[in-house]
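Accompanying notes for the structure given below.
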Amino acid sequence: MPERPPNFGFSVTRVLQDGDSMFIKAVNESDGGGASWLTMSLIRADERGLMSVRRQISARYVQKDCLCSSLAACTLPNGPHEETETNKLKVRDFIRAVTAGDGLDRLDDFIDRTVFVSHTPGGCIDPDRLDEFAARRSPRSGLRYHGVDDLVGEGSFVAVFSAYDQEGNHARTCDLFRLADGRIVEHWDVVEPVAAHTVANNDEA
């Protein structure tokens, strides 16, 4: 069974509202003083207005500096609502070209490498390692990307829930992007191992 967070207190560091969907990014701290966790959740309202958790992905932090950078970004505003749809389209195009396609030569169309930082738990990436970050996410032998399950955004921020297989291991992931002037400048993600059948969404109503 995948490891799950213990009982914890938590700090919400980002909330995005997109129609009937709400994205929540939270840092969880164990009651017993153990490891910290990052959780990204998608909550959706039905036609009766009842809220339910559509998706929830958690990962343990193993480097304190990544946690600090994640917390520091929580003071940034979500940004102008009129940018939401443009930024969502930009991220979708990035996924189609680079993550699902062979478009590493178009990386600079989507990411501003002069300022880009990725706050991946246990593997923070600064601008000098952008090409390494992109290559790790692009199609290659042993990696199968299943596509976007959900994509929501508000202002400068876009969250993407998806699933993939790597060398026979199955995982769900959530990527949170911050854009500025039409390009990605900051990234957070959570990757959680799952049983094979859940990648096909068989665990959802």
Study note, to complete from the structure: Note, the stretch 47-61: 3J(HN,Hα) by Karplus (6.51, -1.76, 1.60, θ = phi - 60°), whole Hz, Gly/Pro = x, goes 5, 8, x, 7, 9, 9, 7, 7, 8, 8, 10, 10, 8, 7, 7
Check your understanding: Which ³J(HN,Hα) values in Hz, rounded to whole numbers, follow from the phi angles of the stretch 92-100 under the Karplus curve 6.51 cos²θ - 1.76 cosθ + 1.60, where θ = phi - 60° and Gly and Pro get x?
Key -> 4, 5, 4, 5, 4, 7, 9, 7, 9
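Would you mind ranking His119, His146 by Cβ crowding within 10 Å, fewest neighbours first?
So the ranking, lowest neighbour count to highest, is His146, His119.
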Practice item. Pop out the ³J(HN,Hα) list for the stretch 159-169 in order, Karplus 6.51 cos²θ - 1.76 cosθ + 1.60 with θ = phi - 60°, rounded to Hz; leave Gly and Pro as x. Key: 10, 10, 9, 8, 9, 7, 10, 9, 6, x, 9
Study note, to complete from the structure: Mean Cβ-within-10 Å packing, highest first, puts peptides 44-54, 80-90 in the order 80-90, 44-54
Review point. Long-range amide H contacts for Ala180: which residues qualify at under 5 Å (H placed 1.01 Å from N, peptide plane, sequence gap of 5 or more or a different chain)?
Key: Val185
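FYI, it's all coordinate maths here, none of it is from the lab. Because the structure is predicted, anything quoted here is derived from the model rather than measured. FYI the Cβ positions are ideal-geometry reconstructions off the backbone, even for glycines, and counts take in every protein chain you see.
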